[in-house]
Amino acid sequence: MSTSRPKLEFWYEFASTYSYLSAMRIEQLAEQAGIGIVWKPFVLGPIFNAQGWTTSPFNIYPAKGKYMVREMQRLSSARGLPFRLPSPFPQNSLYAARLALIGHDAGWGPAFARAVYTAEFADGANISDKQVLGRILTGLGIDPTSLLARIEQADIKQRLRQQTEVAQELGIFGAPSFLAHDELYWGDDRLEQAVAVLGAP
């Protein structure tokens, strides 16, 4: 009799620098621990708005933003990843997040997420541009035509709104966030801890 593997919820936002770091290594860590992953794209805009912020805290507090860029340079270099802060920052991630919802249903969501993060934070591409997203899909062997039309439909828009509302209800205030046994862990530096909790015998 087989038992299903415990699953870690990975709440990620495409505009988030630290989500990039987590997305590029979470599958390997989960596989080593014998757990699964549930990828949960959402958008931070409504969550920030509820706190009275109109942009990223890294823009609101310049010293914090400067530190983040330098830390991303250090961490990316240590992990063998390229890093380039895109302009503008943060990027509008709405279209990418809607595509990710479709992709996770269809099985290509994780590959798409990694490709979006690479385009954004390695190449400095503007992920709010549908042409950029179309090229990403094409590079994955996926025809973008119908998908780029699909993300304008009301049901997909509503799904992303609902997923973001669930994030708020869970108390998520930033990305990446991880949910393990109903316990919330925030930040790329908490990924190992969240994985260990689920992977423990």
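The values are calculated or read from the model by the stated rules, or taken from the named source; none is laboratory data. Owing to the predicted nature of the structure, the values given are computational and were not obtained by experimental measurement. Neighbour counts are summed over all protein chains in view; Cβ atoms, including those assigned to glycine, are modelled from backbone coordinates with ideal geometry. Remember, those area values only see protein heavy atoms, side chains included, never the ligands or the DNA or RNA. Shrake-Rupley method; radii C 1.70, N 1.55, O 1.52, S 1.80 Å.
Observations on the model:
- Odd one out for ILE151, checked against (1) over 17 Å from the mean Cα position of the chain (by Cα); (2) surrounded by fewer than 18 Cβ atoms within 10 Å (Cβ to Cβ): (2)
- Filtered residues of the stretch 154-165 (kept if surrounded by 14 or more Cβ atoms within 10 Å (Cβ to Cβ) and among the hydrophobic types (A, V, I, L, M, F, W, C)): ILE156, LEU160
- Residue identified as of a type in the set (A, V, I, L, M, F, W, C), surrounded by fewer than 24 Cβ atoms within 10 Å (Cβ to Cβ) and touching a His at 6+ places or on another chain (Cβ under 9 Å) among VAL43, VAL38: VAL38
- Qualifying residues in the stretch 2-28 (those that are under 26 Å from PRO86 (Cβ atoms) and hydrophobic (A, V, I, L, M, F, W, C)) - the one surrounded by the fewest Cβ atoms within 10 Å (Cβ to Cβ): MET24
- Remark: pairs (first residue in the stretch 89-111, free of Cβ contacts under 8 Å to residues at least 40 places away in the same chain; second residue hydrophobic (A, V, I, L, M, F, W, C); Cβ separation under 6 Å; 6+ apart in sequence or on different chains) = GLY103/PHE112; ALA111/LEU140.
- Number of residues in the stretch 71-81 that are hydrophobic (A, V, I, L, M, F, W, C), touching a residue at least 12 places away in the same chain (Cβ under 8 Å) and open to solvent by 70 Å² or more (accessible area, probe 1.4 Å) equals 0.
Residues are listed down the side, and each one gets a yes or a no for (1) surrounded by fewer than 20 Cβ atoms within 10 Å (Cβ to Cβ); (2) among the small types (Gly, Ala, Ser); (3) out of contact with any helix residue (DSSP H, G or I) (no Cβ under 8 Å at 6 or more places or on another chain):
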site	(1), (2), (3)
VAL132	yes, no, no
THR138	yes, no, no
ALA175	no, yes, no
VAL197	yes, no, yes
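Residue-wise test of (1) over 11 Å from the mean Cα position of the chain (by Cα); (2) open to solvent by 20 Å² or more (accessible area, probe 1.4 Å); (3) small (Gly, Ala, Ser).
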{"residue": "PHE83", "(1), (2), (3)": "yes, yes, no"}
{"residue": "TYR95", "(1), (2), (3)": "yes, yes, no"}
{"residue": "ALA100", "(1), (2), (3)": "no, no, yes"}
{"residue": "HIS104", "(1), (2), (3)": "yes, yes, no"}
{"residue": "GLY107", "(1), (2), (3)": "yes, yes, yes"}
{"residue": "ARG114", "(1), (2), (3)": "no, yes, no"}
{"residue": "THR118", "(1), (2), (3)": "yes, yes, no"}
{"residue": "PHE121", "(1), (2), (3)": "yes, no, no"}
{"residue": "ILE127", "(1), (2), (3)": "yes, no, no"}
